[in-house]
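Inspection log for the structure reproduced underneath, given as structure tokens.
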């Protein structure tokens, strides 16, 4: 697999006036301190041709501000181009209007990623999902798999959650 980005790092900065709290789901073993983000001697991830990576954040928005005014977060991507060794940095803003108000109305691929992340949280007994049941996760996974017909990943996740649900009942 050909590498298209070396030492790839992503930093997400939230507007504290709009975001009351946030939590990155997973990636605990890949965290980079803010002060190390632009330190090009720090080893980071490789991205191959055709690969992608997803980071999910659990975010609590302050509902008192105007949804149309400015970004709620800025994501910055920094990486080294393999051929030239040149560092490239790019960024994108996320606005409140980019965020679905309801999980049910969100894109099924996004819901699949959320169900996978919640499943991981349940398996590791995270205190953030103490009230989440395997039955509810299984239901959500089945719904997404039905919507994403012929998506092998969605079907596999639904099967894994169902198997875990049956094992936990024993």
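Quick note: the coordinates plus some simple rules give every number you see, no bench work behind them. These numbers were taken from a predicted model, which means no experiment stands behind them. All Cβ positions, even for glycine, are placed from backbone atoms using ideal geometry, and neighbour counts span all protein chains on display.
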*Report the Stokes-Einstein translational diffusion coefficient (µm² s⁻¹, integer) for the range 108-169, Rh taken as the Kirkwood radius over Cα pairs, at 25 °C with viscosity 0.890 mPa s.*
214
_So if each residue of separation counts as 0.36 nm, and I subtract the Cα-Cα distance between residue 98 and residue 81, what length gain in nm does that give?_
3.2 nm
*asked:* Quick check: convex hull over the Cα atoms of the range 55-112, volume per residue in Å³, rounded to an integer?
replied: 118
*Which number comes out as Rg/Rh for the chain once both Rg and the Kirkwood Rh are worked out on C-alpha atoms?*
1.00
*What spacing in nm lies between the two simple spin-label points modelled at residue 38 and residue 110, each 7 Å away from Cα in the Cβ direction?*
3.1
*Which value in Å does the Kirkwood hydrodynamic radius of the range 7-61 take, with 1/r averaged over all unlike C-alpha pairs and then inverted?*
13.0
*Over the C-alpha atoms of the range 3-98, what are the Rg and the largest Cα-to-Cα span, Dmax, in Å?*
15.1, 48
*Between residue 128 and residue 31, what FRET efficiency follows from the Cβ-Cβ distance if R0 is 25 Å, with the result rounded to 0.05?*
0.90
